[in-house]
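Below is one structure, written out as structure tokens, with a few remarks after it.
What follows draws every value from the coordinates through simple rules; no lab data is involved. Treat the numbers as computed from the prediction; the structure is a model and nothing was measured. Ideal geometry is used to build each Cβ from the backbone, glycine not excepted, and the neighbour counts take in all protein chains shown.
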Amino acid sequence: MSRKPWRQGDRWSVREHLFAPLEQFSLYVRFEVSDVCVCEHAGNGPCGLKFQSVDATQLTAEEWDQLSAIRAAVPDAQFQIREHRAKCKSRSETEVKRGVIVKRQVDQLTFRREYALGGVHDVERI
């Protein structure tokens, strides 16, 4: 009977092992209210802040290069490209960040992490 990798140690050590080839890439960081809102109540109450996450339909050349490098580092993984949007009534632009969710399978368990693609983009209207 073979031992299951997650039973040989802690689940976190399995996760670290699975994602070790990607350690040079930045993890996706969620929007902070203070990065999106400039209203008086930012972080202390309602500012009319809205967040949305959807599958991305476009990438910049820089983002495509990052995605290609991530895919090359873990070719056996599954990938889901995401676009995260944040909008506050205090600003006219919508902030956009993109990331890629990398999924690694070990038997019946799926481990996932999201990595950042590019930087933050200001968008007129989405």
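Calculate one ³J(HN,Hα) per residue across segment 55-63 by plugging θ = phi - 60° into the Karplus curve 6.51 cos²θ - 1.76 cosθ + 1.60, and present them in order as whole Hz with x for glycine and proline.
5, 6, 10, 8, 9, 7, 4, 4, 5
Would you mind calculating the gained length between HIS17 and VAL54 on full extension (0.36 nm times residue separation, minus the Cα-Cα distance), in nm to one decimal?
On the way: separation 37, 0.36 × 37 = 13.32 nm, distance 2.85 nm.
Answer, rounded to one decimal: 10.5 nm.
Quick one: length gained pulling TRP64 to ASP76 fully straight, 0.36 nm per residue minus the C-alpha distance?
Fully extending the segment from TRP64 to ASP76 adds 2.5 nm.
Could you state the number of Å between the C-alpha centres of segment 89-113 and segment 14-86?
Segment 14-86 and segment 89-113 have Cα centres separated by 5 Å.
Please give me the summed charge of the neighbours of LYS103: other residues whose Cβ is under 11 Å from its Cβ, Lys and Arg +1, Asp and Glu -1.
+1
What nm distance separates the two modelled labels at LEU109 and LEU27, each placed 7 Å from Cα along Cα→Cβ?
1.7
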